[in-house]
Amino acid sequence: MNRELALRMCEAAIKEAARTGALVSVAVVDAGGHLTAFQRMDGAGIAGPVLAPAKAHTAVAHRVATADLAPMVQPGGELYGLAGDRFVCVGGGVPLWDGEGAGGRVIGGVGVSGGTVSQDVACAEAAAALWETS
């Protein structure tokens, strides 16, 4: 993960947000969950600068999209009780993979917050698509 690509990924997410009318914050993190790039749209809410990096970190730590974690952390779910200060199990976080299948490894993640859950997911997927084609 390099800074130039991370910034382009933020721009891809913001472009998708503008298309849908959302005002979001976007974070890209490396394989250790450390912030590589961050952008916040003018007028985006106050929670985004906290939630976007946390969604990206969560996606890296668990190697799964945060939208897929949401049902698992509900009462009776296999990961019930996981969500807390460090993990955000709401759609908008996507892991970034280097390779596929059993040989693949997570090399970073993108997190988006500020729109509806479906908007956040679409924005994160737009950023991840840029990663996949680079």
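At-a-glance table
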| read-out | value |
| --- | --- |
| Residues located in segment 10-26, provided they are out of contact with any strand residue (DSSP E or B) (no Cβ under 8 Å at 6 or more places or on another chain) and of a type outside the set (A, V, I, L, M) | Lys15, Glu16, Arg19, Thr20, Gly21 |
| Search result, residues across segment 27-69 that are touching a Gly at 6+ places or on another chain (Cβ under 8 Å) and part of a loop (DSSP other than H, G, I, E, B) | Ala31, Gly33, Met41, Ala44, Gly45, Ala47, Ala65 |
| Test result for Leu96, touching a residue at least 60 places away in the same chain (Cβ under 8 Å), closer than 14 Å to Gly109 by Cα and surrounded by 21 or more Cβ atoms within 10 Å (Cβ to Cβ) | yes |
| Among (1) out of contact with any strand residue (DSSP E or B) (no Cβ under 8 Å at 6 or more places or on another chain); (2) of a type in the set (A, V, I, L, M); (3) farther than 18 Å from Gln119 by Cα, the one test that Val29 misses | (1) |
| Among the residues listed as Leu51, Leu23, the single one being under 15 Å from Val121 (Cα atoms), within 14 Å of the chain's Cα centre (by Cα), in contact (Cβ under 8 Å) with a residue 60 or more places away in the chain and surrounded by 14 or more Cβ atoms within 10 Å (Cβ to Cβ) | Leu51 |
| Scope segment 106-125; condition hydrophobic (A, V, I, L, M, F, W, C), outside any strand (DSSP E or B) and in contact with a strand residue (DSSP E or B) (Cβ under 9 Å, 6 or more places away or on another chain); matching residues | Val121, Ala122, Cys123, Ala124 |
| Criterion: surrounded by fewer than 23 Cβ atoms within 10 Å (Cβ to Cβ) and either in contact with a helix residue (DSSP H, G or I) (Cβ under 7 Å, 6 or more places away or on another chain) or charged (D, E, K, R) (or both) - qualifying residue of Met1, Met41 | Met41 |
| Residue in segment 70-86 that is of a type outside the set (D, E, K, R), in contact with a Lys or Arg (Cβ under 9 Å, 6 or more places away or on another chain) and not in a strand (DSSP E or B) present | no |
| Residue that is nearest to the chain's Cα centre (by Cα) [pool: residues in segment 60-93 that are within 15 Å of Ala122 (Cα to Cα) and in contact (Cβ under 8 Å) with a residue 12 or more places away in the chain] | Gly93 |
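Bear in mind these aren't lab numbers, they're just calculated from the coordinates by the rules spelled out. It should be emphasised that the depicted structure is a prediction, and the values quoted were computed from it without experimental measurement. Cβ atoms come from the backbone with ideal geometry, glycine included; neighbour counts cover every protein chain shown.
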